[in-house]
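The values are calculated or read from the model by the stated rules, or taken from the named source; none is laboratory data. Remember, predicted model here, so these are calculated numbers, not experimental data. No Cβ is skipped: glycine too gets one built from the backbone with ideal geometry, and neighbour counts run over all protein chains shown. SASA here: full protein model, heavy atoms, side chains in, ligands and nucleic acids out. Shrake-Rupley method; radii C 1.70, N 1.55, O 1.52, S 1.80 Å.
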Amino acid sequence: MSHLDLLFFFYGLAFVVLGITVLAQPKSTSSHAPFVHFWLLGAFGLLHGALEWLDYLILFQGDDPRFWWLKPFLLFFSFVALFEFGRRLVASADHPLLRACWWLRWVTSRWVHVAIVALLATSIGGAADPLGQSEISIRYLLGLPGALLTGAGFLLHLRRAGQARDIPTRAGMRWAGGAFIAYALFAGLVVPPGMCFPADFINTRSFFALVGLPVQLFRAAIALTAALAVGILLRGFHQQAQERLETALAQARQSLAETVRLRQRNELILQATGEGIFGLDRQGRITFVNRAAQELLGFAEDDLLGKPVAELLATEMASPGSSADPLAASYARGMALRSDGECFRRRDGTVFPVEFSSAPLHEEDSLLGAVLAFQDISARKAAERTAHWEQEERFRSIFEQAAVGMALSAPNGQLLQVNQKLCEMLGYAREELLRLTVQDITLAEDVADEWALRERLLSGDLSSYALEKRFRCKAGSWVWVKLNVALVRDADRQPLYAVGVAEDITARKQAILSLEEERNFISAVLDTAGVLVLVLVLDREGRILRFNRACEALTGYRFAEVEGRLVWDVILPPEQVEETRQYFDRLVAGDFPSQREKRPRNCSAGRPST
């Protein structure tokens, strides 16, 4: 074959140009994921170009055994790169056919390499001419399917892209797809002559005999076409990347302008607010200060920037339990912190109370700093002190001038404060009572009942309780009181002290006792009266309120049966009802007629008793 050396040279040059063109392009030139694998196509071009130039050297150097052993390795790795590029290109197309056919999914999976290597090992290992058979097997098992997959992948992505602007050259994709499908036929199907089918029928020798031209000429033309098509694609991708870059730069400029505008607007808002505002870095240093903060503290902006905020705190004037560094406390809690127990020191050394809120600033999981807003609450604190003093004075006046005994006691019963009325009620001096407990001045029989109520009060089951109990006086006597007790708790709902109000009810208790004794005496008299003395006590409507035993014996009714019933419905015969009611009405009206005799009705016989 004349000029075969030039053919091999330009054939290899076309593939080398393809490889260099692909690999020389910047990375990520397309937004489509499949094209990040173009380096595999570049590797194929360089390796296959080196293979063809090796054939070119063999024409000049002769049959060097080292060249013949190197050719299968170059051929194998070049077609492996082409096959892997085509496999990834087709797999990324996400065509419905791939989801429908299991064997297509298997061909585009990584497991296909295992089958190809196994088939290569089997075909080459059992051949009489391993070197010759290796080229045939590699072209059949790697070159043919690799080129078909690559061509199909380009065409599938052309269909998937449609009219989208991010695929700049549709014609380049068509030419590239067609070139690699043609290359599959001329480089994967037309192989060196061999003893196996179809190499014994379709081979380079039979192709030359049929066409009159070496197959390498067609391969070179196809390689040049593929290189030009891929070059057009890559150029389009580069232009696309440039457009994306320009768009991104325009968006960045717009975002920057918007950020500046928002920053200026936010700064105007922060400057206009009446609260002092600090921006703080992670070390608690001031990075921003608004006009209100400068006026409240008497500092210029330059004097405050970079200054630790903790240096502005007058910790010796702060409320008990307040934080020496609100920023540190905000970091420690990992949340917004609010307090009205801090004091700031002005430039002239004066101190004023502030209410502040401090919140950490995070960007994702990174701590950037904090924002601290504060305001002068001197007027509010002064008003609170005045209100507190007035409230204490009002309570003290009510406490001391109350007409009932009052006391404050600790949760354990220790008396903390007593008024003069309680001292007079019990006969103790104030100092003597304050050395005692509630248990000490309570009758032993009443302690258990009251302490059960007090425990429920402390636990929160009751908000208050009331009971009647006895207090022991200093002289040894006892005084009855009606005691009302309520509990005062602190801000954390912990018990502080109990407030007790004791009303002296000794006189009422004695009157009730005397009334009960008199009532018992009358009941005894009525129940022990003679058998013939019937005593009924009626209300103004004639209902039975009292019924002595003589009535029970004579009528056969028990008092429980007739209590609350009208007397003429129960124990009077019907013929006497009207006359008796008239007589009763005269009694109710204040007219007391002479005595009359009536016969009661016996319940058992249903007839009047004599």
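Tabulated data for the structure shown
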read-out	value
Cβ pairs under 6 Å, 6+ apart, first in the range 1-16 and at pLDDT 70 or above, second of a type in the set (S, T, N, Q) and surrounded by 15 or more Cβ atoms within 10 Å (Cβ to Cβ)	11/216
Answer from 234, 256, 249, 268 - the residue that is touching a residue at least 12 places away in the same chain (Cβ under 8 Å) and either in contact with a Leu (Cβ under 9 Å, 6 or more places away or on another chain) or part of a helix (DSSP H, G or I) (or both)	234
Any hit, the range 216-225, residues being open to solvent by 30 Å² or more (accessible area, probe 1.4 Å), of a type outside the set (Gly, Ala, Ser), within 25 Å of residue 156 (Cα to Cα) and touching a residue at least 60 places away in the same chain (Cβ under 8 Å)	yes
Residue ID - most open to solvent (accessible area, probe 1.4 Å), chosen from residues in the range 302-321 that are modelled with pLDDT of 85 or more and either in contact with a Cys (Cβ under 7 Å, 6 or more places away or on another chain) or of a type in the set (D, E, K, R) (or both)	302
Selected residue [among the aliphatic types (A, V, I, L, M), over 50 Å from the mean Cα position of the chain (by Cα) and open to solvent by 50 Å² or more (accessible area, probe 1.4 Å)] from 475, 402	475
Failed item in (1) polar (S, T, N, Q); (2) buried (at least 19 other Cβ atoms within 10 Å of the Cβ); (3) modelled with pLDDT under 85; (4) within 60 Å of the chain's Cα centre (by Cα), with residue 133 passing the rest	(4)
Boolean, residue 515 is outside any loop (DSSP other than H, G, I, E, B), surrounded by fewer than 16 Cβ atoms within 10 Å (Cβ to Cβ) and at pLDDT 80 or above	no
Count - residues of the range 178-228 that are touching a Ser or Thr at 6+ places or on another chain (Cβ under 9 Å) and of a type in the set (Phe, Trp, Tyr)	2
The range 414-458 - residue that is touching a residue at least 60 places away in the same chain (Cβ under 8 Å) and in contact with a Ser or Thr (Cβ under 9 Å, 6 or more places away or on another chain) and, of those, least open to solvent (accessible area, probe 1.4 Å)	438
Extreme residue, modelled with the lowest pLDDT, among residues of the range 175-229 that are among the charged types (D, E, K, R) and more than 17 Å from residue 142 (Cα to Cα)	200
Residue within the range 493-500 that is in contact with a Lys or Arg (Cβ under 9 Å, 6 or more places away or on another chain) and under 24 Å from residue 401 (Cα atoms) present	yes
Residue in the range 280-293 that is in a helix (DSSP H, G or I) and of a type in the set (A, V, I, L, M, F, W, C) present	yes
Any hit, the range 383-390, residues being loosely packed, with under 10 Cβ neighbours inside 10 Å and either of a type outside the set (Lys, Arg) or modelled with pLDDT of 80 or more (or both)	no
One residue from 190, 215, 230, 211 being closer than 17 Å to residue 145 by Cβ and hydrophobic (A, V, I, L, M, F, W, C)	190
Boolean, residue 459 is farther than 26 Å from residue 421 by Cα and modelled with pLDDT of 85 or more	yes
The range 175-201 residues that are closer than 22 Å to residue 132 by Cβ, paired with ones that are charged (D, E, K, R) and surrounded by 14 or more Cβ atoms within 10 Å (Cβ to Cβ) (beta carbon under 6 Å, 6 or more apart)	186/219; 187/219; 188/139; 191/139; 192/135
Failed criterion for residue 572 (all others in (1) in contact with a strand residue (DSSP E or B) (Cβ under 7 Å, 6 or more places away or on another chain); (2) at pLDDT 80 or above; (3) farther than 29 Å from residue 520 by Cβ hold)	(2)
Complete set of residues in the range 554-581 that are open to solvent by 90 Å² or more (accessible area, probe 1.4 Å) and within 15 Å of residue 538 (Cβ to Cβ)	563, 565, 569, 581
Condition check for residue 354: open to solvent by 40 Å² or more (accessible area, probe 1.4 Å), modelled with pLDDT of 80 or more, assigned to a strand (DSSP E or B) and in contact with a strand residue (DSSP E or B) (Cβ under 6 Å, 6 or more places away or on another chain)	no
